[in-house]
Amino acid sequence: MAKRRVIPGFGLSMGFSITYLSLIILIPLAALFIKAAGLGWAEWWNLLTTPRVIAATKLTFGASAAAASVSMVMGLLVTWVLVRYDFPGRRLLDAMVDLPFALPTAVAGITLTQIYAPNGWIGQYISQCASWIQTNYQPGGWLGGQVEDLAAKGAAYSPIGVFIALTFIGFPFVVRTLQPVMEDLGAEIEEAAATLGANRWIVFRRVILPLLVPALITGFTLAFARAIGEYGSVIFISGNLPMKTEILPLLIVAQLEQFKYEAAAVIASAMLLVSFALLFLINLLQRRLDWQHR
């Protein structure tokens, strides 16, 4: 007797699924690559190796990786507090984690800029600290340039501002990925390890953390992917200076405003290929770790 299914007809449901995915994802991506194919490989290489594109690529992927890494560490701590402890205001704190999801990115960018600007609530103290370091230690080279920018502009209008914005929008992904996994662990595992003589650090490092690694990698991947394509919150706080604080999405928009559609498609296609390769490697690592812990 054939097994009854809730949704009848595998062929029909699969057909609708493929059609929907094609209309939403596959066809737009194919159109992007077709548009980029209007330029030859030599033009691709010349365009992607220009100093402006290389600088934007380094800032975009570097700041995204740094922001996702910080979100992974701090997200683990926040999730631990939300899951393991019961305290007044816990539900409010839990709801606040989702604010970057609900808040328009442009509003988030304007708010972060106001806070971290030289005269902002936090930016003024960053500027004062940077001025003190510049006066007393006079660092040189790349570090000296960063300190000088912080003293003059605060954290806004600098690569640090880009990092702050990307951390803001990527943080909830880590918490929401870790939270259900940590809730399923329970306290029995910790109690069993403690009865065997393990201290708190050993319990966390040898028992709890290995079980959380796949979820941590998933959260990192989601935060990293989200940060790479972020535009709205970054354009306000970065200052959009070519070769310094310009990100790849902004560079693509700049090419479109100059009616250089093929160039914009080439940059977007290369960005998509690199992002896909990085996400594929991260997911491959996650599956291997998940398989080892089974």
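When the chymotrypsin sites (Phe, Trp or Tyr not before Pro) in segment 95-184 are filtered for DSSP coil states and for at most 11 other beta-carbon atoms within 10 Å of their beta-carbon, the remaining sites are Trp121, Tyr137.
The residues neighbouring Ser269, those whose beta-carbon lies less than 15 Å from its own, together hold a net charge of 0 under the Lys/Arg +1, Asp/Glu -1 convention. Here segment 106-156 and segment 13-60 have alpha carbon centers that stand 36 Å from each other.
Net charge dipole, the chain: roughly 620 debye, given to the nearest 20, about the Cα centre with Cβ charges of +1 for Lys and Arg and -1 for Asp and Glu. Working note: Cα atoms of segment 1-154, range along each principal axis, descending, whole Å: 82, 61, 25. With viscosity 0.692 mPa s and temperature 37 °C, the Kirkwood radius over alpha carbon pairs of segment 88-165 converts through Stokes-Einstein to a diffusion coefficient of 238 µm²/s. For segment 154-294, the C-alpha radius of gyration divided by 2.2 N^0.38 Å, with N the number of residues, is 1.40.
Given an 8 Å cut-off on Cα distances and at least 6 residues of separation, report the relative contact order of segment 202-294 as a percent.
39
Lysine pair count for the chain with Cα-Cα distance under 29 Å and sequence separation of 8 or more or different chains is 8. Membrane-span-like helices in the chain (whole DSSP H runs, Cα extent of at least 24 Å along the helix axis, mean Kyte-Doolittle hydropathy of at least -1.0): 51-84, 159-185, 209-228, 261-292. When the alpha carbon gyration tensor of the chain is reduced to an equivalent ellipsoid, its three semi-axes come out at 36, 33, 18 angstrom, largest first. Relative contact order for the chain: 28 percent, from Cα pairs under 8 Å spaced at least 6 residues apart, divided by residue count. Segment 176-223 has equivalent-ellipsoid semi-axes of 23, 11, 6 Å, by the square roots of 5 times the alpha carbon gyration tensor eigenvalues, sorted largest first.
Relative to the globular-protein estimate of 2.2 N^0.38 Å, the Cα radius of gyration of segment 101-217 stands at 1.56.
In segment 1-97, which chymotrypsin sites (Phe, Trp or Tyr not before Pro) are in a loop and have at most 16 other Cβ atoms within 10 Å, using DSSP for the loop call?
Answer by residue number: Tyr85.
Per residue of the chain, the DSSP helices (runs of n ≥ 4 H) give a summed -39500 (n - 2.57) that works out to -24000 deg cm²/dmol at 222 nm.
The numbers here are math on the coordinates, done by the rules we state, and not lab data. A quick note: this is a predicted structure, and the numbers were derived from the prediction, not measured. As a convention, Cβ positions derive from the backbone with ideal geometry for all residues, glycine included, and neighbour counts pool all protein chains shown.
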